[in-house]
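Working notes, beginning with the structure itself.
The values are calculated or read from the model by the stated rules, or taken from the named source; none is laboratory data. Given the structure is predicted, the values throughout are model-derived calculations rather than measurements. We place every Cβ from the backbone using ideal geometry, glycine too, and count neighbours over all the protein chains shown. Quick note on the areas: whole protein, heavy atoms, side chains included, nothing else; ligands and nucleic acids left out. Shrake-Rupley method; radii C 1.70, N 1.55, O 1.52, S 1.80 Å.
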Amino acid sequence: MRQNTHDIVGLGVIAVDEMLYVDSYPPADGKKFLSGRRRQGGGNTSCALAAAARLGSRCAMLGRLGDDELSQFAREHLAQAGVDLSFVLHDPTCGPIYALIVVSADTGSRAIFVDPASVKPLEYEELRSDWLQGAQVLMVDHLYPAAILPAVRMARQLGLQVVSDIEMEMPELAEIRAGIDHFICSAEFALPFTRRDDPRDACEMLSRSAPHRTVVVTAGRDGCYWCTREQSAVTHVPAHCIDAVDTTGCGDVFHGAFCHGLAAGWGVERIIHFANAAAAVKATRTGGWAAVPTREEVQQLLEGNPM
């Protein structure tokens with residue numbers, strides 16, 4: 001068994017996003033001319049790893065890709081982002097998630113249409129402990145349900161901290177949550193899942209219902225809400241005042257910056273403020289893996305200096 005040289009290992013979504021830009025969304029049955037289009041890398045865990053790598057962490061991706069054009073695009077651009085793909089399994093019949101994302105310039109908001117037809121699940125029998133050996137953080141999302149729980153258990157046995165970006169309910173979620181140290185999710189997931197109307201209340205409920213060390217609920221323009229096992233009172237961190245251009249990937253960048261801070265040994269409060277700023281920097285630019293911020297850019301925003 002060889003010693004891993006990575007700080008962060010990610011298990012989850014690799015996606016290729018087809019971005020369509022409009023001045024504003026059309027009404028129902030209406031038409032709009034595109035102001036631009038581009039193809040970019042995306043996906044919860046892969047984008048988070050691209051962000052962490054840009055910030056200085058050594059990152060590796062777990063998953064499966066094929067030989068199609070989208071797989072080739074994902075491999076090339078994730079590698080350019082600094083993410084090691086040597087653990088990604090090869091299957092010529094599969095590919096990444098394909099997403100069509102329409103971004104409206106007037107608000108910076110987006111509508112996402114996802115096609116997972118080419119994805120082939122990673123099974124628990126395919127997991128190898130040497131993929132995790134020596135790393136400090138495992139990040140998981142919801143893509144490979146059969147592999148998430150054994151991967152989380154394996155990581156905990158090896159002493160890794162586990163961070164999650166889960167966007168949907170699944171039968172194993174209660175067991176998975178029991179092994180997640182840092183449960184970070186969007187308000188879009190947290191509110192219906194906890195049956196609460198306010199992200200602060202949802203954060204508190206998530207903290208009370210599982211033994212997480214940290215719970216964070218990200219809320220877009222409202223910033224984020226967080227609490228810890230030791231500090232049960234929920235703290236609100238406001239969003240930075242920026243001119244949002246494209247919010248696609250902001251939550252993923254938050255996760256990546258959080259993982260980077262964990263691997264660096266920072267305290268949780270510093271990590272959350274850093275991740276909140278990293279997500280804000282990402283919102284000021286278009287693009288996927290190539291548009292994640294540098295550590296210097298994040299620090300400039302935290303210090304109140306123009307970027």
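Let me check I've understood the local charge: for Gly95, count other residues with C-beta under 15 angstrom from its C-beta, Lys and Arg +1, Asp and Glu -1. What total comes out?
It works out to a net charge of -4.
Spin-label point model (7 Å from Cα, Cβ direction): what's the Thr5 to Val114 distance in nm?
3.4 nm
Taking the simple approach of a point 7 Å from Cα along Cα-to-Cβ for both Thr93 and Ala146, what is their distance in nm?
Label at Thr93, label at Ala146, 1.2 nm between them.
Say we join alpha carbon atoms closer than 10 Å with springs in a Gaussian network model of the chain; which of Gln80, Gln40, Gln133 then has the biggest fluctuation?
For the chain, modelled as a Gaussian network with Cα springs under 10 Å, the answer is Gln80.
Rounded to the nearest 0.05, what FRET efficiency do Asp68 and Ala105 have when you use their Cβ-Cβ distance and R0 = 35 Å?
After rounding, the FRET efficiency stands at 0.65.
Given H placed on each backbone N at 1.01 Å, which residues far from Arg58 in sequence or on other chains put an amide H within less than 5 Å of it?
Residues meeting the amide H criterion: Asp7, Ile8.
On the full set of protein chains, 1.4 Å probe, figure out the accessible area of Thr194 and give it in Å² to the nearest 10.
Approximately 10 Å² for this residue.
Across segment 188-205, in residue order, what do the Karplus-derived ³J(HN,Hα) couplings come to in whole Hz, using 6.51 cos²θ - 1.76 cosθ + 1.60 with θ = phi - 60° and x for Gly and Pro?
Values per residue, Gly and Pro as x: 4, 8, 5, 5, x, 5, 8, 6, 10, 9, 10, x, 5, 5, 5, 4, 4, 5 Hz.
Whose amide H sits under 5 Å from the amide H of Leu89, counting only residues 5 or more places off or on another chain, with H placed in the peptide plane?
So Leu89 has HN proximity to Gly63, Arg64, Leu65.
Can I get the semi-axes of segment 184-296's equivalent ellipsoid? Compute them from the C-alpha gyration tensor as square roots of 5 times the eigenvalues, in angstrom, largest first.
23, 16, 11
Mind listing the phi-derived Karplus ³J(HN,Hα) values for segment 60-71, rounded to whole Hz, using 6.51, -1.76 and 1.60 with θ = phi - 60°, and x for any glycine or proline?
For segment 60-71, the Karplus curve yields 9, 9, 10, x, 8, 9, x, 10, 6, 4, 5, 5 Hz.
Pop out the ³J(HN,Hα) list for segment 261-269 in order, Karplus 6.51 cos²θ - 1.76 cosθ + 1.60 with θ = phi - 60°, rounded to Hz; leave Gly and Pro as x.
My calculation for segment 261-269 gives x, 4, 4, 7, x, 6, x, 5, 5 Hz in order.
Taking amide H atoms as placed 1.01 Å from N in the peptide plane, list the residues 5 or more away in sequence, or in a different chain, whose amide H sits under 5 Å from that of Lys120.
Long-range HN contacts for Lys120: Gly95.
Obtain the nm distance between the two label points defined at Arg37 and Asp243 by a simple spin-label model: each point lies 7 Å from its Cα along the Cα-to-C-beta direction.
Taking the simple label geometry, Arg37 and Asp243 are separated by 2.7 nm.
Take the solvent-accessible surface of the protein heavy atoms, probe 1.4 Å, and return the percent of it on the chain that carbon and sulfur atoms account for.
Here carbon and sulfur together make up 50 percent of the probe-accessible area.
Using heavy-atom solvent-accessible surface (probe 1.4 Å) with all chains present, what is the largest-first order of Phe33, Phe258, Phe113?
Solvent-accessible surface, decreasing: Phe33, Phe113, Phe258.
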